[in-house]
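Remarks on the structure that follows.
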Ligand SMILES: Nc1ncnc2c1ncn2[C@@H]1O[C@H](COP(=O)(O)OP(=O)(O)O)[C@@H](O)[C@H]1O
Ligand SMILES: [Mg+2]
């Protein structure tokens, strides 16, 4: 498709997991050198293809372990797929694991600068936008507190606030919106809508199927690493909900 900003082509991801029980690292290396370790291949994503179009909010749904986060990591370039290819046009702001890119020992203020630089923002920009970041995250009173003391909601607020500071071409949001409280979720949704109107493409993964229905135009449904369905939200979500209630 011509206006695809992300093209996922026949992507598979295998993880190698040792079958042996090894008590320590020394034993592991001895067994490794003697080639006594047996590996078991686990396919987390299997022959998945889809396009994400410029400016759309694209949802990925599926049960736990269906390969959603693995897929997002491949799109973000954090993981290299075993097979297939991903083509991405533009800058990506990945919000994948809660607290990734944060140092728990540092304060919120320090983490804004740390995480901002991880995301590639110039220090001068972070300085200029610092107040806005803290305001959005509603962390005025906690700016100088080590974030190891934060709740998961506070982490999520800070992470989202930093990642959306500069409008990226592509925003990837994995589950983090579901940890904040209701009001914050609405605020994030508003910001996502702003970004959409500014042309940002969003990939959204959440357990909150209502949120998928409110925000996404199209949805990919992953099941055990395979693409079970792909299409308009209005078509896919009812099927997904029905499958869930049947217990499959
Ligand atoms: N680094 C890894 N090593 C081994 N297995 C992994 C790794 N990352 C994910 N998996 C496995 O791949 C499957 C898909 O995981 P994930 O992509 O996190 O699913 P989801 O985000 O849909 O819950 C799970 O069975 C998970 O245990
Ligand atoms: Mg996940």
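Region 74-132 and region 168-198 have their alpha-carbon centroids 15 Å apart.
Please work out the ratio of the alpha-carbon Rg of region 20-70 to 2.2 N^0.38 Å and round it to two decimals. Please list the in-between numbers first.
Values: Rg = 18.8 Å, N = 51, 2.2 N^0.38 = 9.8 Å.
Normalised Rg, Cα atoms only: 1.92.
Over region 99-165, what relative contact order in percent results from Cα pairs under 8 Å that are six or more residues apart?
Details: 69 pairs, mean separation 29.6, N = 67.
The normalised contact order for region 99-165 reaches 44 percent.
Highest mobility in the GNM of the chain, judged by mean-square fluctuation with C-alpha springs under 10 Å and restricted to 184, 102, 29, is found for 29. Label separation (residue 105 vs residue 87): 4.5 nm, computed from points 7 Å beyond Cα along the C-beta direction. Dimensions of the chain along the principal axes, based on C-alpha atoms and rounded to the nearest Å, stand at 55, 50, 37, largest first. Got the relative contact order for the chain handy, in percent, Cα pairs under 8 Å and 6 or more residues apart? Over the chain, the number comes to 26 percent. Under 15 Å from a label point 7 Å along Cα→Cβ of residue 194: give me every residue in region 125-139 with its amide N that close. Residues 129-138 qualify, since their backbone N sits under 15 Å from the label point.
Suppose we keep just the DSSP beta bridges with both residues in the chain; what percent of those would be antiparallel, to 5? Walk me through the intermediate numbers first.
Working: 23 of 40 bridges.
The answer is about 60 percent antiparallel.
Rounded to the nearest 500, the helix-only mean residue ellipticity at 222 nm of the chain stands at -11500 deg cm²/dmol, with each DSSP H run of n ≥ 4 adding -39,500 (n - 2.57).
Across region 95-173, how large is the tail of the calculated P(r) beyond 21 Å, expressed as a percent of all Cα pairs?
Working: 470 of 3081 pairs.
Everything past 21 Å amounts to 15 percent.
When the chain is treated as a Gaussian network with alpha carbon springs shorter than 10 Å, the biggest mean-square fluctuation among 118, 179, 202 belongs to 118.
Taking 0.36 nm per residue of sequence separation and subtracting the Cα-Cα distance, how much length would be gained by fully extending the chain between residue 123 and residue 22, in nm to one decimal? Before the final figure, lay out each step's value.
Details: separation 101, 0.36 × 101 = 36.36 nm, distance 4.51 nm.
Additional length available on full extension: 31.9 nm.
Highest GNM mean-square fluctuation among 53, 183, 230, for the chain modelled with Cα contacts below 10 Å: 183.
Throughout, read-outs are computed from the coordinates displayed, never taken from laboratory work. All figures in this text were calculated on a predicted structure; none of them were measured in a lab. Methodologically, a virtual Cβ is constructed for each residue, glycine included, from the backbone with ideal geometry; neighbour enumeration extends over all protein chains shown.
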